[in-house]
Amino acid sequence: MDKRPSWDEYFMSITRLVAERSTCLRRHVGAVLVRDRHLLATGYNGPPAGLPHCDETGCIREKLGVPTGERHELCRGIHAEQNAIIQSANYGTGIRGSTIYTTLHPCSVCAKMIINAGIVRVVTDDSYPDDLASDMLSEAGVEVDRLPDLVRAPVGDDSDPMRIGDADPETRTG
C-alpha cells in the first residue's frame, strides 16, 4: 500500500503547520484555502497586523472569563479562516469554488464569510461548540467533512481530485 497521504491529509498537515504561527493563548488555529490541489492562501489566528500579540498583552477573554464559542467581539485576534480570506483578497486571489482546511470547525462569523466568499467545502480537524455555524453551512450547501472521519482514496485513483475514497475500514485515517 502506498504511504503517501491523501490530498486531504496533505493539506491538513500544512494547515496544522500554519496553526503553529498562532500566538493565541487559548488555541492555535490554522486555515488553508485550496482549489484544484493548489494552495491559494493561509491564515492563523492572531491580532491584526502590526498590533501586539496576545502572548505579549494577555488574553482579554481569559481575564473576563468568556467561555469558548461566545462573545467573539471580545478578542484582539482575527480567526484563521478570516485571515486566509483577507490574505486572498489582499493578493487578488479568487477563492470562489475553493476548499478551506481548518484545524477547528468554523464559528458562525467565519461560516458567514465562507458562505459569502463562495467556498464550497470545509475540511476540519476538530469540532467547535457553535450550532449556528453548522446549521448555516448546511443550509448554504457547503460540504463539511471532519478529517478523522474521511477515508483514503485507493492508490492511483485520480479520477476526482478531491475524492475521499471507498469506506474500507483497513484504509481509514485517524
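Within the range 91-140, the only residue that satisfies the criterion of being more than 18 Å from His38 (Cα to Cα), in contact with a Gly (Cβ under 9 Å, 6 or more places away or on another chain) and open to solvent by 70 Å² or more (accessible area, probe 1.4 Å) is Pro129.
Kindly check whether there is at least one residue in the range 19-38 that is in contact with a Leu (Cβ under 8 Å, 6 or more places away or on another chain), in a loop (DSSP other than H, G, I, E, B) and either at pLDDT 95 or above or surrounded by 13 or more Cβ atoms within 10 Å (Cβ to Cβ) (or both). Yes, there is a match, as at least one residue in the range 19-38 is in contact with a Leu (Cβ under 8 Å, 6 or more places away or on another chain), in a loop (DSSP other than H, G, I, E, B) and either at pLDDT 95 or above or surrounded by 13 or more Cβ atoms within 10 Å (Cβ to Cβ) (or both).
Could you identify the single residue in Val122, Val144 that is closer than 22 Å to Glu20 by Cα, at pLDDT 95 or above and not polar (S, T, N, Q)? Explain how you work it out, then say what you get.
Values: Val144 fails: closer than 22 Å to Glu20 by Cα.
Exactly one residue qualifies, and that residue is Val122.
Contact annotation: residue pairs with Cβ atoms under 9 Å, 6 or more positions apart or on different chains, pairing a residue in the range 57-77 that is without any contact (Cβ under 8 Å) to a residue 12 or more places away in the chain with a partner that is surrounded by 14 or more Cβ atoms within 10 Å (Cβ to Cβ) and assigned to a loop (DSSP other than H, G, I, E, B), are Val66/Cys75. Quick one: in the range 45-57, of everything that is surrounded by 12 or more Cβ atoms within 10 Å (Cβ to Cβ) and in a loop (DSSP other than H, G, I, E, B), which residue is farthest from the chain's Cα centre (by Cα)? Ranking the candidates gives Leu51 first. When each of Thr68, Thr42 is tested for being open to solvent by 40 Å² or more (accessible area, probe 1.4 Å), among the hydroxyl-bearing types (Ser, Thr, Tyr) and part of a loop (DSSP other than H, G, I, E, B), the lone residue that passes is Thr68.
For Ala49, the conditions (1) touching an Asp or Glu at 6+ places or on another chain (Cβ under 8 Å); (2) of a type in the set (A, V, I, L, M, F, W, C); (3) without any contact (Cβ under 8 Å) to a residue 12 or more places away in the chain all hold with the exception of (1).
The values are calculated or read from the model by the stated rules, or taken from the named source; none is laboratory data. Since this is a predicted model, take the numbers as computed values, not measurements. Ideal geometry is used to build each Cβ from the backbone, glycine not excepted, and the neighbour counts take in all protein chains shown. Keep in mind that these areas ignore ligands, DNA and RNA; they rest on the heavy atoms of the full protein, side chains included. Shrake-Rupley method; radii C 1.70, N 1.55, O 1.52, S 1.80 Å.
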